[in-house]
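The next block holds one structure in the form of structure tokens; read it before the comments.
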Amino acid sequence: MTALSAEPEPTPARPELPLSMVERMTLIMDAFAGRSTRLTLEDVARTTHLPRSTAHRILDQLVRLDWLDHTSFGYSLGRRALGLGGRNGSHGEVREAAAPLLHDLQIKTGMVVHLAVLDGSDVFYLDKVGGRFALSVPSRVGGRAPAHSTALGKAILAWLEPEQVEALVGRSISRLTSRTIGDIGTLHQELNRIRQRRGLAFERGECFPNIACVAAAIRGPEGPVASISLVGDARMPLEKVAPLVADAARQASLAFFPDLESPRRARRAGRAPDRTWSSESMNRFLTVGQDGDWL
């Protein structure tokens, strides 16, 4: 009696690759699980099981069409995927210029970092880089918040003409929490204090309870284009990290508007002199009331 030879185990079948370009593009877009997801080329090829060269070619096309953004930190969802619609390269360029600065801020502080632009009476979140605290911050890339209730929005509004501010937020101003600014006159007073602090904007519990932010605007020759913020617990002493935010915004301004290095252009943009914030300077510009309000 002859022994039966063992049958070889079947090799696992490789995933069947989609045939059409539309299917492959959809496969790549589905790899971005969240609005703030960043993936490298290797991440995309591994997740989609597409050949690396194929993934790279399609990624390049998606970037050109604004469905994805590409920076040195990888690929992320672009303005079309985030629902901004149309072609406006400036937001993608701001995001690219700010990306390394956002990551540097997050590494230095361990806090959540936001990048936002003004869109009507709201701020629109272009990027969010988070640490352990990120899940407790109810913001998302592609989300919105009333500009007057956020440090991000106030940092931008502070550099607009009063008439512009009233046209943008005058009719929509309302309270989200008991600490939110609820009238246009108080908002103008707050924006004046921000200018006196050389552009640093603060908020504690004005947009979300128990959350505090410090922000500064990215500014060019024609005015503010975006803002950067650090987010922490409402009890956190933000004056310690405020100089880092101010410096990141200044560096982003120079990266996006290289001509600001010219003293004449810098004066036109209203940019503060290039010098490091000292603790003495911070004490002069920042005063904290007994109830925690920034005065």
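The values are calculated or read from the model by the stated rules, or taken from the named source; none is laboratory data. This one's a predicted model, so the numbers in the text were calculated from it and none came from an experiment. When we count neighbours, we look across all protein chains shown, and the Cβ atoms used for this are built from the backbone with ideal geometry, even at glycine. Just so you know, the surface numbers come from the protein's heavy atoms only, side chains and all, with ligands and any DNA or RNA stripped out. Shrake-Rupley method; radii C 1.70, N 1.55, O 1.52, S 1.80 Å.
For this structure, a couple of remarks:
- Spin-label pair ASP119/ARG80, simplified geometry with 7 Å Cα→Cβ offset, distance in nm: 1.7 nm
- Of HIS49, HIS56, HIS91, the order by accessible heavy-atom surface (1.4 Å probe, DNA, RNA and ligands excluded), from most exposed downward, is HIS49, HIS56, HIS91.
- Surface analysis of segment 142-259 yields an accessible area of 40 Å² per residue, using protein heavy atoms and a 1.4 Å probe.
- Look at where the Cα atoms of segment 149-164 and of segment 218-241 average out, and the two centres are 12 Å apart.
- Working from the Cα coordinates of segment 115-263, the gyration tensor eigenvalues give, after taking √(5λ), semi-axes of 21, 19, 14 Å in decreasing order.
- Ratio of the Cα radius of gyration of segment 119-191 to 2.2 N^0.38 Å, where N counts its residues: 1.15
- Solvent exposure, largest accessible area first (probe 1.4 Å, DNA, RNA and ligands not counted), of GLU161, GLU222, GLU239, GLU206: GLU222, GLU161, GLU239, GLU206
- Relative to the 2.2 N^0.38 Å rule of thumb, segment 184-246 has a C-alpha radius of gyration ratio of 1.14.
- Exposure rank, largest accessible area first [LYS240, LYS128, LYS154, LYS108; 1.4 Å]: LYS240, LYS108, LYS128, LYS154
- Spatially proximal lysines relative to LYS108 (Cα-Cα < 21 Å; intrachain offsets below 8 disregarded): LYS128, LYS240
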